[in-house]
Ligand code: KIV
Ligand code: ZN
């Protein structure tokens, strides 16, 4: 066998199921969310969270709207014990938030856990032991019966210790850890045995958490397992079925979503997916997936930047630029055809309507992004995108023919620098290529007289030491100017395209004109900017002539 040999592995055995109901189900409401950032997430960090970071993270979770928060494993670590004490003693847990703590099924650990929780209002005690074939046979070397007895004994201790602290509202949770490596019949047997001790009722339900401790199969198999458990567990109406997926195969979100379709009520996960190995299921993505289907996720993720900053600084892990919904690049469109489609859809979208924008599954503004950030320019980008960034940042409404002329200039720059071209650079390129063209004639002054629908133009032009005054008639000022230049310099000029708009709303606002002129048989595009719209059109034409002269000289 070579090192990289697939024959080392065997396929996962699917669930034998004749009827599957979950494929036809649609998720219609948010699950109960439980964050395990401060426990599972924290246990997976190279440098566990400092107390101040834990508190900062806890406050973030509360502000987002998490109502169930696993705050640690107090019997396993002193910092976790102290943090739980701090939360309780300093009254930092809002009344509508329930903290959750993890414990193994050992009496001394359970005792220590309850000691940490003295004086708490409302707590979920999360008991777990490992039930999978591998763990039973290779790690603990115990029979099925012995492993079940560990769980049952743990449940007994938890119940007894809880009764000694009646001032707290207790809820019990059991996880058959490594559930996805456990035979379903055995998993349900253990869960039923635990529940026989805890005696749940519909008004006082037990949480049965079914972890994909290691993700071992395609998500449909996990959904089969969850549906099977929902169908076979005793007293289903007194049980909250909870999911806890890890991302070993990259499908933690999909598994959790299919698990919800299969009947689960609750999901455990972390913000942005930190957790053991490849991480836990990402609550932000799962919630945004619901949101983008028009379902209230019951979490407020509007301030994504605060979430990113807190998670990055606490975990010392950077969010990937393409992380769904939150990454730096997820709302960026570089491709010309995508930009064009986005522009068209955005132009049709009215505030408050159903969101129907190609390539953008959600409105970037919902997570604190702007439309300006969407269109990004590189060598793949098209004219539409260039027009969009100039319009959104500087108010320039480049006509289509101008975008066509300008786009190769930007593309050349992108290829030259081998990178994205910023909107500021695009702006400078536009000015250099169309507005501020050296050696052009400058306008000294001009006078326009209207004489029976004919415009009489008198204009003084300067260039270096030379000043000339020329005069011509036309149906409008620009036509008169064209004639004046033709008479003076002998150019043959046709105005092919002309557009103008103001750059503001008051009378002092500048105007911009875009001109495409055919000068002696060649087309040149240029622009002019001035407070006076007529002057702006003259400047645009002079800039077009300057381009002609420059090319002629070259
Ligand atoms: O992944 C896991 O199985 C766990 C359990 C403790 C629930 O984190
Ligand atoms: Zn886990």
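What to note about this one:
- Test: residue in region 188-202 that is away from ligand 2 (no atom under 16 Å from the Cβ), under 21 Å from residue 21 (Cβ atoms) and in contact with a strand residue (DSSP E or B) (Cβ under 6 Å, 6 or more places away or on another chain): yes
- Screening residue 425 with (1) at pLDDT below 90; (2) farther than 30 Å from residue 351 by Cβ; (3) under 28 Å from the mean Cα position of the chain (by Cα) gives one miss only, at (1).
- When 264, 254, 234 are checked against the criterion of being in contact (Cβ under 8 Å) with a residue 24 or more places away in the chain, away from ligand 2 (no atom under 11 Å from the Cβ), part of a loop (DSSP other than H, G, I, E, B) and within 26 Å of the chain's Cα centre (by Cα), 264 stands alone in meeting it.
- Leading residue by the ranking (farthest from the chain's Cα centre (by Cα)) among those in region 237-251 that are more than 14 Å from ligand 1 (Cβ to nearest atom) and in a loop (DSSP other than H, G, I, E, B): 249
- Condition check for residue 142 on (1) surrounded by 15 or more Cβ atoms within 10 Å (Cβ to Cβ); (2) under 37 Å from the mean Cα position of the chain (by Cα); (3) free of Cβ contacts under 8 Å to residues at least 40 places away in the same chain: one failure, at (2).
- Within region 32-55, considering residues that are in a loop (DSSP other than H, G, I, E, B) and more than 16 Å from ligand 1 (Cβ to nearest atom), the one surrounded by the most Cβ atoms within 10 Å (Cβ to Cβ): 49
- In region 277-300, the residues that are within 16 Å of ligand 2 (Cβ to nearest atom) and either exposed (fewer than 15 other Cβ atoms within 10 Å of the Cβ) or more than 16 Å from residue 259 (Cβ to Cβ) (or both): 277, 278, 279
The values are calculated or read from the model by the stated rules, or taken from the named source; none is laboratory data. No experiment lies behind these values; they were computed from the predicted model shown. Counting neighbours? That spans all protein chains shown, and the Cβs are built from the backbone with ideal geometry, glycine included.
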